[in-house]
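In what follows, a single structure is set out as structure tokens and then discussed.
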Amino acid sequence: MNLDDLDYVLEALMLVSGEGLRISDITETLELQRSEIEASLKRLKRRYGGKSGIIIQTYGDKIQFASNPKYAEAVESVLKPVREKELSNAALETVAIIAYRQPVTRLEVEQVRGVNCDYAIQVLLKHDLIEVKGRKDAVGKPLLFGTTEKFLKRFRIEDINQLPDYDRLLESITVIEENSKIEAASLYNEFELPEQEATPEFLEGEKVDKVE
């Protein structure tokens, strides 16, 4: 590839991935030297430094875009009420997509929904409706998600093959949300944003075997 474009390629990779990318994977796939990647990262860190709202995190062999912690308070004050308001529909739509397309990556879910699904996936993991099934054999080795036994119990099906068509599933979700007071008062309350959301286990260096 043209090295003049490397900075822009790395920008695109970090933006689209949303997760840590291994430098070794990038060098191997793009057939570049590690020194070339590191030189590009130095330039990008100068670009995304100082007061920039976006910074580049490097940890171990990985690189990732992240928000600047200087602005964490302002970001939380805006996003928290939005997430509380929209969480119910976001979580339900996300779990429906995962159920039908599993195993599926976060990026693939977002391509269907058209919006960021990080928080919805964290909540679904916390409530054991989805789980990590492995890693996709692609650049960055993104996590693959699938539904759990608790998902089957929640939506009253014995096997994933018994899933209704997509529209009927959403109707079933709505009924459960409105009528299931014994199990969970409502799905909105169950998925409500806690005062302090703990980092999900799947982001804490968990080693996961690749799905063949």
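The values are calculated or read from the model by the stated rules, or taken from the named source; none is laboratory data. What you see is a predicted model, and the numbers here were worked out from it, not measured in a lab. Glycine gets a Cβ as well: all are built from the backbone with ideal geometry, and neighbour counts include every protein chain shown. Only protein heavy atoms, including side chains, enter the accessible area calculation; ligands, DNA and RNA are left aside. Shrake-Rupley method; radii C 1.70, N 1.55, O 1.52, S 1.80 Å.
Could you tell me whether segment 63-74 includes any residue that is surrounded by 15 or more Cβ atoms within 10 Å (Cβ to Cβ), touching a Phe, Trp or Tyr at 6+ places or on another chain (Cβ under 9 Å), over 30 Å from residue 34 (Cα atoms) and not hydroxyl-bearing (Ser, Thr, Tyr)? The answer is no, given that none of the residues of segment 63-74 is surrounded by 15 or more Cβ atoms within 10 Å (Cβ to Cβ), touching a Phe, Trp or Tyr at 6+ places or on another chain (Cβ under 9 Å), over 30 Å from residue 34 (Cα atoms) and not hydroxyl-bearing (Ser, Thr, Tyr). In this entry, residue 35 is excluded by the filter for residues that are free of Cβ contacts under 8 Å to residues at least 24 places away in the same chain and assigned to a loop (DSSP other than H, G, I, E, B). Look at residue 17 and say whether it is closer than 19 Å to residue 136 by Cβ and among the hydroxyl-bearing types (Ser, Thr, Tyr). Yes; evaluated as a whole, the condition is true for this residue. Listed conditions (1) within 20 Å of residue 135 (Cβ to Cβ); (2) outside any strand (DSSP E or B); (3) open to solvent by less than 80 Å² (accessible area, probe 1.4 Å) are all met by residue 11, apart from (1). Total residues in segment 144-161 satisfying the condition of being acidic (Asp, Glu) and either within 11 Å of residue 125 (Cβ to Cβ) or modelled with pLDDT under 85 (or both): the figure is 2. Looking at 137, 118, 128, 159, just one residue is acidic (Asp, Glu), within 28 Å of residue 26 (Cα to Cα), over 12 Å from the mean Cα position of the chain (by Cα) and surrounded by fewer than 19 Cβ atoms within 10 Å (Cβ to Cβ), and that residue is 137. State yes or no: is residue 170 under 18 Å from residue 93 (Cβ atoms), open to solvent by 20 Å² or more (accessible area, probe 1.4 Å) and at pLDDT below 75? Spelling it out, residue 170 is indeed under 18 Å from residue 93 (Cβ atoms), open to solvent by 20 Å² or more (accessible area, probe 1.4 Å) and at pLDDT below 75. Selection of segment 87-109 for residues being open to solvent by less than 40 Å² (accessible area, probe 1.4 Å) and without any contact (Cβ under 8 Å) to a residue 40 or more places away in the chain yields 90, 94, 97, 109.
Conditions (1) at pLDDT 85 or above; (2) closer than 21 Å to residue 122 by Cβ; (3) of a type outside the set (Gly, Ala, Ser), marked per residue:
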residue	(1), (2), (3)
10	yes, no, yes
16	yes, yes, yes
26	yes, no, yes
29	yes, no, yes
49	yes, no, no
54	yes, yes, yes
70	yes, no, yes
86	no, yes, yes
